[in-house]
């Protein structure tokens with residue numbers, strides 16, 4: 001085992017961005033930042049990291065085919081160590097969460113259990129697994145808003161909805177990329193059930209829903225927000241469009257549809273942040 005493996009297995013960039021998204025959610029809701037938002041960052045980053053670790057624990061066999069360089073199949077982290085590491089990260093996040101409020105605590109506990117259930121079972125359940133991941137991503141914004149109570153939770157729902165649809169699309173595209181490894185590992189995904197072509201079409205429809213939903217904050221922030229989000233919408237529509245003609249996992253990977261959609265989601269986070277600060 002190598003120390004670097006314990007860092008890599010958490011997918012630190014994803015964990016960092018997830019924590020940042022929770023802070024942005026609070027900023028969107030209140031227009032300001034307070035010291036407690038650092039707690040939001042810590043909790044979300046820890047739970048995201050724990051979810052990544054437990055996912056790799058259960059996906060070791062599939063990753064040996066699809067992503068052999070990941071820490072567990074490469075031997076950098078043992079499965080036993082990964083399990084203990086994930087539990088430690090989950091418990092640490094819940095402990096920190098007790099310094100927030102009951103809504104945040106509830107979301108943190110539910111999401112931790114969902115992440116474990118997803119890695120163990122739900123991932124291999126067609127569509128339900130995709131919906132679970134989409135919700136978990138969207139709930140980061142709900143969690144950030146919840147620090148301001150129920151009012152903040154409700155106010156942030158449109159931003160969560162945008163994230164839900166965009167992430168749902170990306171998950172479908174990733175299913176299409178991973179058909180070979182998922183089939184070998186015994187998983188039963190949407191792409192295996194209906195084929196890569198129809199999966200990419202479903203992903204495109206879901207992306208369009210994300211674009212339509214992205215116009216709702218226009219009523220908060222006005223024309224400047226609209227200009228920024230239209231540019232981002234162009235990126236995610238282009239990403240989903242690139243995969244429409246693919247019928248094989250190799251084609252889907254070569255299209256770069258999933259990474260491009262992920263880049264568009266990061267760009268949307270920048271637009272939300274700038275709008276919350278300046279508009």
Highest mean packing first, using Cβ neighbours within 10 angstrom, the peptides 158-165, 195-202 sort as 158-165, 195-202
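Can you give the FRET efficiency for residue 155 and residue 102, using 1/(1 + (r/R0)^6), R0 = 22 Å, r = Cβ-Cβ distance, to the nearest 0.05?
Details: r = 18 Å, r/R0 = 0.82.
The pair residue 155/residue 102 has a calculated efficiency of 0.75.
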Checked the chain against the a/c 1.5 cut and the a/b vs b/c comparison, axes a ≥ b ≥ c from its Cα gyration tensor; verdict oblate
Segment 1-115: relative contact order from alpha carbon pairs under 8 Å, six or more residues apart, as a whole percent, is 32 percent
In nm, the gap between the two label points placed 7 Å beyond Cα toward Cβ at residue 113 and residue 91 is 1.9 nm
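For residue 254 and residue 127, calculate 0.36 nm times their separation in residues minus their Cα-Cα distance, and state this gained length in nm to one decimal.
Values: separation 127, 0.36 × 127 = 45.72 nm, distance 2.37 nm.
Length gained between residue 254 and residue 127: 43.3 nm.
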One finds the C-alpha centres of segment 161-202 and segment 102-133 to be spaced, in Å, by 17 Å
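For every helix of n ≥ 4 consecutive DSSP H residues, a contribution of -39,500 (n - 2.57) applies; sum these over the chain, divide by its total residues, and give [θ] at 222 nm rounded to the nearest 500 deg cm²/dmol. Working shown, then result.
Numbers: 17 runs with 225 residues, N = 279.
Helix-only estimate at 222 nm: -25500 deg cm²/dmol.
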Contact order relative to length for the chain, counting C-alpha pairs under 8 Å separated by 6 or more residues, stands in percent at 19 percent
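Determine, from the Cβ-Cβ distance of residue 33 and residue 216 and an R0 of 25 Å, the FRET efficiency 1/(1 + (r/R0)^6), rounded to the nearest 0.05.
Details: r = 23 Å, r/R0 = 0.93.
Rounded to the nearest 0.05, the efficiency is 0.60.
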Checking rank on 6-13, 217-224, with mean other Cβ inside 10 Å and highest first, the result is 6-13, 217-224
Checked segment 128-229 against the a/c 1.5 cut and the a/b vs b/c comparison, axes a ≥ b ≥ c from its Cα gyration tensor; verdict oblate
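Between rounded, prolate and oblate, where does segment 92-155 land on the alpha carbon gyration tensor, with a ≥ b ≥ c its root eigenvalues, rounded for a/c under 1.5, else prolate if a/b exceeds b/c? Please list the in-between numbers first.
On the way: a/c = 3.73, a/b = 1.65, b/c = 2.26.
Taking the square roots of the gyration eigenvalues as a ≥ b ≥ c, segment 92-155 is oblate.
A short reminder: the numbers here are calculations on the coordinates, not readings from a lab. This is a predicted model, so every value here is computed, not measured. Backbone-built Cβ (ideal geometry, glycine too); neighbour counts: all protein chains shown.
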